[in-house]
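Here is the structure we will look at, set down as structure tokens.
The values are calculated or read from the model by the stated rules, or taken from the named source; none is laboratory data. Values in this document were obtained by computation on a predicted structure and should not be read as measured data. In this analysis, Cβ positions are derived from the backbone assuming ideal geometry, glycine residues included, and neighbour counts consider all displayed protein chains.
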Amino acid sequence: MTLIIALSCKDGIVMASDGQATGGSAGGPIRMPIQKIFKINEHVLFGAAGNVGIIQRSRDIIRSFSVKLEEEWDYQLMDEIRKTLFGVYKDEVDRHRAFYGGTSEGDIRNAPISDVLLCNFFTKGNESQKIIWHIAPDCSDERLEEIGYGCSGTGDVFAHTLLKNYPVKELDVEKGTLVAYRVIKEAIEIGAYGLGEPIDVWFITKEGCKRLSEEELMALEDAYNTWKEMERAVFEKIYEERDLE
């Protein structure tokens with residue numbers, strides 16, 4: 001299971017993910033740490049859920065468009081990327097069907113796939129472009145910045161449940177990193193199978209892409225714990241005031 005989220009904040013984009021992958025071994029499934037968010041250029045971040053090999057190929061394809069992605073994105077560029085990814089994904093589905101046809105594994109839903117989030121915050125003079133682009137395994141796509149956030153991975157239901165409580169588009173990037181950290185942290189704490197630490201947090205502003213350091217993540221952990229303590233205090237105060245009435 002994977003969870004990757006992207007938040008459309010008022011001054012940039014925040015991306016965060018869990019840091020665990022489940023791999024196979026002769027003795028059964030094993031857990032391993034893995035990076036799920038990658039810098040493409042100073043304005044673009046890539047994240048994906050799914051088969052590790054297909055994610056790597058998807059990332060390489062996106063990187064091959066790195067120079068073009070440094071400029072403002074238009075329909076022609078986005079459609080070219082989508083069609084290139086579709087060629088790879090279709091080949092994998094065809095290979096899977098040919099190899100496993102007639103067996104219980106033949107369902108194409110078992111084929112190796114990738115579910116991509118590609119984020120761009122581009123500024124040039126007084127103009128800016130903010131995009132959270134979701135490309136599904138069948139290469140249907142949608143832009144999610146108007147909603148305020150995007151999610152990828154089988155853990156996305158946890159993120160949707162939590163993110164609906166926050167006015168993401170009204171937050172600056174600094175506050176957005178705390179919200180993103182909390183969403184990933186609580187999805188892991190709920191005990192969703194396959195999600196695990198380390199938590200990875202990035203953001204894009206007009207200054208470019210930045211990955212939070214270990215020290216900055218520790219500061220977010222402290223802020224997260226303080227936030228929860230304050231929530232509990234407010235909750236208790238509500239009932240204390242009722243008892244006094």
Subject >> Test set (1) touching a Lys or Arg at 6+ places or on another chain (Cβ under 8 Å); (2) buried (at least 18 other Cβ atoms within 10 Å of the Cβ); (3) farther than 30 Å from Asn110 by Cα - Ile132 fails condition number >> reply: (3)
Original post:
How many residues, within region 80-137, are charged (D, E, K, R), within 20 Å of the chain's Cα centre (by Cα) and farther than 17 Å from Ile61 by Cβ?
Top reply: 1
Original post:
Just for region 83-111: of the residues that are in contact with a Phe, Trp or Tyr (Cβ under 9 Å, 6 or more places away or on another chain) and part of a helix (DSSP H, G or I), which one is farthest from Ser140 (Cα to Cα)?
Top reply: Asn110
**OP:** Output the number of residues of region 189-204 satisfying the condition of being assigned to a helix (DSSP H, G or I) and either surrounded by 20 or more Cβ atoms within 10 Å (Cβ to Cβ) or acidic (Asp, Glu) (or both).
**Re:** 1
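Taking region 108-126, which residues are in contact (Cβ under 8 Å) with a residue 24 or more places away in the chain and not small (Gly, Ala, Ser)? Before the answer, list the steps.
To start, the set of residues in region 108-126 that are in contact (Cβ under 8 Å) with a residue 24 or more places away in the chain comprises 112-124.
Residues satisfying the conditions are Pro112, Ile113, Asp115, Val116, Leu117, Leu118, Cys119, Asn120, Phe121, Phe122, Thr123, Lys124.
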Subject >> region 136-162: number of residues that are crowded, with 20+ Cβ neighbours inside 10 Å and farther than 20 Å from Asp18 by Cβ >> reply: 1
**OP:** State yes or no: is Ala48 within 16 Å of Pro137 (Cα to Cα), in contact with an Asp or Glu (Cβ under 7 Å, 6 or more places away or on another chain) and not hydroxyl-bearing (Ser, Thr, Tyr)?
**Re:** yes
Original post:
Out of (1) within 24 Å of Asp18 (Cβ to Cβ); (2) out of contact with any His (no Cβ under 8 Å at 6 or more places or on another chain), the odd one out for Phe121 is which?
Top reply: (2)
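Answer yes or no as to whether Asp60 is within 21 Å of Arg211 (Cα to Cα) and either in a helix (DSSP H, G or I) or over 20 Å from the mean Cα position of the chain (by Cα) (or both).
Numbers: within 21 Å of Arg211 (Cα to Cα): yes; either in a helix (DSSP H, G or I) or over 20 Å from the mean Cα position of the chain (by Cα) (or both): yes.
The answer is yes for Asp60.
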Subject >> Positions within region 109-147 being β-branched (Val, Ile, Thr) and more than 19 Å from Arg82 (Cβ to Cβ), in sequence order >> reply: Thr123, Ile147
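Going through Glu214, Glu207, Glu229 one at a time, which residue ends up being under 23 Å from Arg31 (Cβ atoms) and either in contact with a helix residue (DSSP H, G or I) (Cβ under 7 Å, 6 or more places away or on another chain) or surrounded by fewer than 16 Cβ atoms within 10 Å (Cβ to Cβ) (or both)? Steps first, please.
Values: Glu207 fails: under 23 Å from Arg31 (Cβ atoms); Glu229 fails: under 23 Å from Arg31 (Cβ atoms).
Exactly one of Glu214, Glu207, Glu229 is under 23 Å from Arg31 (Cβ atoms) and either in contact with a helix residue (DSSP H, G or I) (Cβ under 7 Å, 6 or more places away or on another chain) or surrounded by fewer than 16 Cβ atoms within 10 Å (Cβ to Cβ) (or both), namely Glu214.
Evaluate region 156-167: report whether one residue or more is in a helix (DSSP H, G or I), hydrophobic (A, V, I, L, M, F, W, C) and outside the structural domain of Tyr75 (by TED's automatic domain parsing). Break it down stepwise before answering.
Within region 156-167, the subset in a helix (DSSP H, G or I) is 156-163.
Of the ones still in play, those that are also hydrophobic (A, V, I, L, M, F, W, C) are 157-159, 162-163.
So of that shortlist, the ones also outside the structural domain of Tyr75 (by TED's automatic domain parsing) come out as none.
Scanning region 156-167 turns up no residue that is in a helix (DSSP H, G or I), hydrophobic (A, V, I, L, M, F, W, C) and outside the structural domain of Tyr75 (by TED's automatic domain parsing).
Are any residues in region 98-114 surrounded by 10 or more Cβ atoms within 10 Å (Cβ to Cβ) and of a type in the set (S, T, N, Q), and if so, which ones?
If the condition is that a residue be surrounded by 10 or more Cβ atoms within 10 Å (Cβ to Cβ) and of a type in the set (S, T, N, Q), then Asn110, Ser114 are the ones that fit.
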